[in-house]
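Colleague: Dropping the structure in here first, questions after.
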Amino acid sequence: MKISFIIDALRVRDLRRKILFIIFVFAIFRLLANIPIPGVDRGNLEKFFGKFKAFGLLNIFTGGALERLSIVMLGLGPYITAIVILQLLTLIFPSLEKMYKEGGREGREKFEQYGRILTIPLCFLQTFGMLSLFRRQGILPQMNFLAMLSSLFTTTAGTILLMWLGELISEKGLGNGVSLLIFAGIAADFPTNIASLISGFAPERLFSYILFFLMVLAIIAGVVFVNEAKRNIQISYAKRIRGMRMFGGVQTFLPLSINPAGVMPIIFALSFLTFPPMVANFLSGMGGIIGTLSQQTISLFENSLIHSILYFILVVGFTYFYTMVVFDPESVSQNLQKFGGFVPGIRPGKPTANYISFVLNRVLLFGSLFLGTIAIMPTVVQAITGIGAFRFLVGGTSVLILVSVILQTIKQIRAELQMREYEV
């Protein structure tokens with residue numbers, strides 16, 4: 001990205017005001033992320049996050065808000081979970097599927113409104129689970145009913161406030177507000193990692209540092225490549241005559257992304273990996289078989305090798321599952337047939353849908369394996385180099401979010417600049 005591009009963007013008054021507004025919202029988010037709920041034991045909290053790596057990964061998305069037990073400690077996680085649940089429900093309820101896929105802009109807005117409503121009970125449930133877990137770990141003191149209720153309402157209000165701020169950013173037209181806030185949370189870890197890297201530097205480990213940054217560059221380059229890579233299927237349109245004019249007779253392409261599921265498989269996998277140890281911690285104080293099984297479950301998920309293997313398998317599996325939810329070859333085939341489009345050499349209708357599914361599954365094999373590899377890279381890089389800083393630069397979800405948000409924002413700003421050039 002050229003420096004002149006940034007200068008041109010800041011010269012335009014409306015564009016400059018939009019960018020400054022987004023930076024102002026980022027500042028509010030960082031302020032909220034540093035306001036903790038009362039009674040936090042910092043020592044036990046640091047031990048907890050050092051022990052449970054899955055919670056450390058979740059902490060990245062909140063920009064350290066979870067690690068500080070702030071009033072926005074859940075970040076935008078409940079809202080994302082609510083949208084994902086509704087997307088999964090489209091497989092069960094045809095009316096919801098019709099609203100989401102065929103309802104146009106109004107249908108999408110209503111779908112998102114349902115997601116906001118569902119976010120509230122999810123916030124209450126997740127906050128109650130988190131607070132109960134932290135009390136058992138000695139991080140928080142015992143709470144009476146009013147104190148617990150106050151914490152529940154405060155944390156839920158924090159998430160709703162972040163949703164509202166995200167919508168305000170989206171209205172500016174420079175990218176998705178939710179994605180930009182998550183981006184801000186991940187990027188906020190940058191100064192802390194620089195300080196950790198400098199404080200832990202030793203001349204005899206120079207080779208490890210060089211190897212670490214070479215691996216980081218390779219990971220970022222790979223993520224950019226996969227994020228932008230497409231498998232094009234050639235589409236031809238039959239010639240049609242309407243009145244005195246002829247339409248069609250052109251060739252185009254149907255682009256299939258190598259990773260159409262985005263970061264959702266990693267988020268699903270993290271949720272599944274976090275849930276068993278969380279439940280086991282609830283039951284670990286009980287005696288008998290339940291207590292023993294709980295302790296064994298905790299030990300199993302603390303094993304880095306087993307954790308990485310399960311993580312990789314879940315990411316690969318969820319990549320196929322979520323792609324099946326968001327991409328329907330039957331619908332694509334019907335739309336092509338409706339507008340006179342066809343794949344050369346393939347009959348319209350069911351054969352076209354089967355061909356698209358065949359190509360998509362072959363593409364997904366590479367995409368899912370790459371996504372699974374990227375997901376476990378923080379553990380691999382730390383094992384090879386011994387450097388634990390900058391986990392967000394080697395972690396799958398964080399790198400995917402950083403890359404996709406930056407590219408999308410650059411495209412939006414360039415579109416704004418080009419629009420103003422046409423107006424002139």
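The values are calculated or read from the model by the stated rules, or taken from the named source; none is laboratory data. Nothing here was measured: the structure is a model prediction, and the numbers come from that model. Positions of Cβ are generated from backbone atoms using ideal geometry, with glycine treated the same way; all protein chains shown enter the neighbour counts.
Colleague: Does the range 135-147 hold any residues that are buried (at least 17 other Cβ atoms within 10 Å of the Cβ) and at pLDDT 80 or above, and which are they?
Modeller: none
Colleague: Here are 373, 352: which of them is closer than 20 Å to residue 312 by Cβ, surrounded by 14 or more Cβ atoms within 10 Å (Cβ to Cβ), in contact with a Phe, Trp or Tyr (Cβ under 8 Å, 6 or more places away or on another chain) and not basic (Lys, Arg)?
Modeller: Numbers: 352 fails: closer than 20 Å to residue 312 by Cβ.
Among 373, 352, only 373 is closer than 20 Å to residue 312 by Cβ, surrounded by 14 or more Cβ atoms within 10 Å (Cβ to Cβ), in contact with a Phe, Trp or Tyr (Cβ under 8 Å, 6 or more places away or on another chain) and not basic (Lys, Arg).
Colleague: Looking at the range 19-45, which of the residues that are of a type outside the set (A, V, I, L, M, F, W, C) and over 21 Å from residue 159 (Cβ atoms) is surrounded by the most Cβ atoms within 10 Å (Cβ to Cβ)?
Modeller: Among them, the one singled out is 41.
Colleague: Counting only residues that are within 30 Å of residue 266 (Cα to Cα) and in contact (Cβ under 8 Å) with a residue 40 or more places away in the chain, how many does the range 322-346 have?
Modeller: So the answer is 8.
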